[in-house]
Every structure is written in C-alpha cells, then in structure tokens.
1. Being open to solvent by less than 60 Å² (accessible area, probe 1.4 Å) and out of contact with any Pro (no Cβ under 6 Å at 6 or more places or on another chain) is the filter; apply it to region 120-134 and report the residue that is modelled with the highest pLDDT.
2. Going by the conditions given, is Gly332 away from ligand 1 (no atom under 16 Å from the Cβ), out of contact with any Gly (no Cβ under 9 Å at 6 or more places or on another chain) and either in contact (Cβ under 8 Å) with a residue 60 or more places away in the chain or not assigned by TED's automatic domain parsing to the domain that holds Thr68 (or both)?
3. Identify all residues within region 493-515 that are in a loop (DSSP other than H, G, I, E, B) and closer than 15 Å to Glu149 by Cβ; write none if there are none.
4. Collect the residues in region 11-40 that are small (Gly, Ala, Ser) and either under 18 Å from Gly406 (Cβ atoms) or touching a Ser or Thr at 6+ places or on another chain (Cβ under 9 Å) (or both), keeping them in residue-number order.
5. If the Cβ limit is 8 Å and pairs must be 6+ apart or interchain, which residue in region 283-308 that is in contact (Cβ under 8 Å) with a residue 40 or more places away in the chain and on the phi > 0 side of the Ramachandran plot pairs with which residue that is assigned to a loop (DSSP other than H, G, I, E, B) and open to solvent by less than 30 Å² (accessible area, probe 1.4 Å)?
6. Can you report the number of residues in region 49-89 which are over 27 Å from Lys493 (Cβ atoms) and either open to solvent by 20 Å² or more (accessible area, probe 1.4 Å) or hydroxyl-bearing (Ser, Thr, Tyr) (or both)?
7. Name every residue in region 318-354 that is assigned to a loop (DSSP other than H, G, I, E, B), open to solvent by less than 60 Å² (accessible area, probe 1.4 Å) and more than 16 Å from ligand 2 (Cβ to nearest atom), in order of residue number.
8. Kindly indicate the residue of region 488-502 that is within 11 Å of ligand 2 (Cβ to nearest atom) and in contact with a strand residue (DSSP E or B) (Cβ under 8 Å, 6 or more places away or on another chain) and also nearest to Ile24 (Cα to Cα) among those meeting that condition.
Amino acid sequence: MDNAMFCYQCEQTAGGKGCTKMGICTKDPNVAKMQDVLIFLLKGLGYYATKLIEDGQVIPRELGEFCTECVFATLTNVNFAPERFVEYIKKTNYYKKDLMNKASTSDAPEGADYIAPETKEEILSIPNMKNLGVMDDEDLDMDIRSLRELLIYGIKGMGAYFHHAYVLGKYDAEIANFMFKALSSTLDRDLTVEDYFNLNMELGKTNFKCMELLDAANTGAFGDPEPTEMLITKKKGPFIVVSGHDLNDLGDLLEQTEGKGINIYTHGEMLPCNAYPGLKKYKHLIGNFGGAWQDQQKEFDNLPGAILMTSNCLMKPRKSYKDRLFTSSIVGWPDVTHIPTVDGHKDFTPVIEKALKLEGFTADEPEKRIPMGFARNAVLSNADTIVNAVKEGKIRHFFLIGGCDGARPGRNYYTEFAEKTPKDTIILTLACGKYRFNKLDLGSIGPFPRILDVGQCNDAYSAIKIALALSEAFECDVNDLPLSYIITWYEQKAVVVLLTMLYLGLKDIYLGPTLPAFITPNILQVLVDKFNLQSISTPDHDLQTILG
Ligand code: SF4
Ligand code: SF3
C-alpha cells in the first residue's frame, strides 16, 4: 500500500505547497486516495456522458445528481468517511459501465474507461496512485496542470451549490452537462493553456447560472431574506446547533422540532437563515451560535446540546462532543451518526432525542443582537436611498469584504480592514469570512448599518445583482462604481465564485490571505494582466490604494 498523498486544493495546504503525508484538514492518505480514485473515475464518466450528449441523448437527472454528489464529497472539510467513498466508487463504476455500453466511440482518451476495484482494501492497494491524482503525469506542463486543477476545484465548488439547489427542487441539465464536459476535458492531452483558460471562464459563467438557480431555490422555498436583528447570545434550554449551507435540511429540522421545547441555533454559514421569512416563522429558530468553522472544536467542546453538520466545514470532532455530533447530506465522519436521506426525506429523530437528553444551556446570557439579512431584495428595495446617499456624498465607497474564513494567521487583515474603513463607506459582506468583523458596531449611514450582511458564499449572486443594479442606476460600467472587492478564500466554493467574478469582468479584486498553491506564476500573471487581480498587502496600504 503506498501511503503518499498529494492535495493542494485549499488555502491551508501544508507549507503553502501541498499536503503529502496527512491533510492539515486531517484528511488522511486513505481518504485522499479514495477521493483521487473517485475524481479519476468521474473524468471518464464525464467523457462518456459528453459523448452521449453530443449524440443528442439526455443524461438522466439521477446521474447528474450522483456526479454532483461525488464532486461535492471531495470538497475540503466535507466527507472523511472511507465507507462512503467505497459506495461512491462502486456506484460510479456501475454508471460508467452503463454509459460505456451506450456510447459509440473508438477514440476514448487514456484512462476514460478505467473501472476501479470495489472493496476498501483493494482500492487502497491500487499501485501507482501517481497515475490517478493531481501529479498523474510529472511531465505535464505546469501551467496546464494549474488550469486543469483550477477547473476541477471550481467544479467541486459549483457541485456544492448545485446540490443545495436541486434538493430544493431546482435542477438544470445544462449545469450537469457542463460538469461532465469539464471533467472529461481533463483527460484530453491535446488541450492548450488557452483551451483550459476558456473552460475556466465557461465554468465561471455556468456557476453564475448555478448561483442564480440556488438563489431561486432558497427564495422560492423560504422567501426573500429581510433585515433582522439576530440574537447572538445563548438562551436557557435544550438546543440543536445547525451548521453548513443546506437550507432544506434546516427547514426540515425546524418542522420536526416544532413544539418540542428545543431551541435551534444556526452556526457557520447557516447564519443567514435567520433572515428568511419561511425559516424565521419558526419561533424556536432563535439565533446564531459561535463563530466561523475553524473555532468549532473549541466552541463545541462539551457543548450541552446536539450539533448537525449539513455541509462544510467539518473538523475532526473531539471526544467531548463526538457523541452529540450528527452529519446529514454529503457530510461524513467515521463513527459519527449520519442521518440518511430515505426517499427524499430525512428523519432527524436521533438528533432531537440527543438534544432532549442533554441538559442544554442552564441560563440566559445577557441578550445581544446584530443586524443581518441584507440580500439583494432588501438592499435594492432601498436603491433610491442608496443612490441619493452616494450622490449627496454621504456614501463615498462600497467594499465587498467576503469569502471563506480559515485558521491560518494573516486573516486578521480582514478585521483590521473593516475597522479602518472610513465612516462614509459601506461594507457588504458574505460567507463565513464575515465572522472576522460582523459583531463590530461600525455605526450606520441613514437607514443602513455600515455592515450589510448579504448572506452565504453563494449569495455572491445577490451581491453581484446589487452591483449590477447600482451600475444601472448610475448609468456606468460596473467597474466604474465606487466598489472594491476584498476577497478571502479557503476552499473550492471561493474558487468558483472568483471564476464567476472574473468571467463577469469584475476588476480590481484583492485576494488573500495567500494565493492558491495550484496557481503557477505564469497563470497568476495572466490573471493580473487581464483582471488586475491583486493579492492583499496591509489594510492601510490597500485602503490608500483604493480610496486614494
Ligand atoms: Fe491539505 Fe487542504 Fe487538501 Fe486538506 S483539503 S489535504 S488541508 S490541501
Ligand atoms: Fe466557510 Fe467552510 Fe468557505 Fe460558504 S464554511 S464559506 S470556509
């Protein structure tokens, strides 16, 4: 069994280069190997699916959903359970064999017809993993590898959003078809740097559609988020903390816990759910618990309540709370109870029983609330007020400070940046990076708090819609707006959101805390030249550059 792994898909990758012995995220070489096998299998699956699509055939939704689930499972901090990957691999073999039988092709690229062994032991014994993973071909041009991996990571990010959308009933075959095509393209040794660049731009475009689909799914199911004063302190009583991005799971849990004397707190990226009318109608959704994902081991330690993880970011659970931790959907951890989906339904009884068994918080904390719920509808229904405030000089500049949070040092930049923004500026924020500053009281401008929480990372769609509407109101190009993007990344959803921003031609994006290890100097130069993508320096310096 070879114990090597290579993964550099996230921002905290070892030494800024790649995890080779054990993931900093605690993904071990076995799970890494299974994920590599799965992704390699999916490339071939994508090839055969694309062939059939080119022949005018329709790929069933079931397969589009399955492929989405697989790529999502390999996203950082989602699934660490080897058994679940054995199942994904088996099922991919099954689907692939079926497609191979149906597609007529004699020129399949090398590796497209690969079928993996189907037991854990055999999978882990596959020799020469180097032939299947990121470093499959040592002679591969570095820039090609860079763009190829960028494409794969972006597909993982989009897969997550697509999953959240279709569990709420919104599916779009074009998104699945692009996913097949992109996966397939990574087997094609004839593609040039330019081809891969164009595929990445097409991914940016497709992801815009996907975020739009998810926005329609979320607002269609639960209404448009509305400005809300959200509780951030603890209340006495039994409770469940719900983390991740899956609004469908939260909705089902709220329904199943109604009238049971259990308080529900959002956590991490679930925070924006406190603003959706269809969710906040449940009085026992009482507020948000804790900070961003990287604080969970400390915050969940001996927590007297149950915890449900519906998507990323899951960290290695401590013994002190492993017995009260539950996973749903794509998330997995060995020996942590998983709530399965049976006929499209999840029964959260084990989570509810655990919450009732634990004592819960024993006293109310002095109450504190923060404003949130400023998605596109809430902001744009006040568009005139905003436009006038800009014209009257009351608002000088907008900053979108958003993206993933993370554990590595250097992320204090975002707190300092927010603190140092002048009083006549507005901060739009989204994703878990907001926890760096969302509890600061930075005052308000007219009816608006200076920090406007737009939502989850996928609500970058909402932020982009706000920017586009403002550019229309000011009759200018979106790049001529007094708006700067201060982006923080960690995992692959931030990667795909960035690709969407680049596809849309948004310029002057400041990216940090460090640049992706998988981006080569040449590719970086292209991004700098084409989009003026910049890495962050210091808050003072960057503010000076932006505001002059
Ligand atoms: Fe390392 Fe990130 Fe890959 Fe985990 S996901 S193994 S931390 S690069
Ligand atoms: Fe955060 Fe994991 Fe990326 Fe949706 S919860 S943003 S890091």
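The values are calculated or read from the model by the stated rules, or taken from the named source; none is laboratory data. This structure is a prediction, so every number in the text was calculated from the model and none was measured. Note that each Cβ is placed from the backbone with ideal geometry, even for glycine, and that neighbours are counted across all protein chains shown. We work out accessible area using only protein heavy atoms, side chains counted, and drop any ligands, DNA or RNA first. Shrake-Rupley method; radii C 1.70, N 1.55, O 1.52, S 1.80 Å.
1. At the first step, the residues of region 120-134 found to be open to solvent by less than 60 Å² (accessible area, probe 1.4 Å) are 123-124, 126, 129, 132-134.
Applying the additional criterion that residues be out of contact with any Pro (no Cβ under 6 Å at 6 or more places or on another chain) yields 124, 126, 129, 132-134.
Details: Leu124: 94, Ile126: 91, Met129: 63, Leu132: 80, Gly133: 85, Val134: 89.
Taking the candidates together, the pick is Leu124.
2. Numbers: away from ligand 1 (no atom under 16 Å from the Cβ): no; out of contact with any Gly (no Cβ under 9 Å at 6 or more places or on another chain): yes; either in contact (Cβ under 8 Å) with a residue 60 or more places away in the chain or not assigned by TED's automatic domain parsing to the domain that holds Thr68 (or both): yes.
So Gly332 fails the test.
3. Leu515
4. Hits for region 11-40 are Ala14, Gly15, Gly16, Gly18, Gly23.
5. Close Cβ pairs satisfying both conditions: Gly287/Thr233; Gly290/His267.
6. The number of residues fulfilling the criteria is 6.
7. First, pick out the residues of region 318-354 that are assigned to a loop (DSSP other than H, G, I, E, B): 318, 323-324, 329-331, 333-336, 340, 343-344, 347-348.
Then keep just the ones that are open to solvent by less than 60 Å² (accessible area, probe 1.4 Å); that gives 324, 329-331, 333-334, 336, 348.
Once the filter is applied, which keeps residues that are assigned to a loop (DSSP other than H, G, I, E, B), open to solvent by less than 60 Å² (accessible area, probe 1.4 Å) and more than 16 Å from ligand 2 (Cβ to nearest atom), region 318-354 yields Arg324, Pro334, Val336, Phe348.
8. Across region 488-502, the extreme among qualifying residues is Tyr490.
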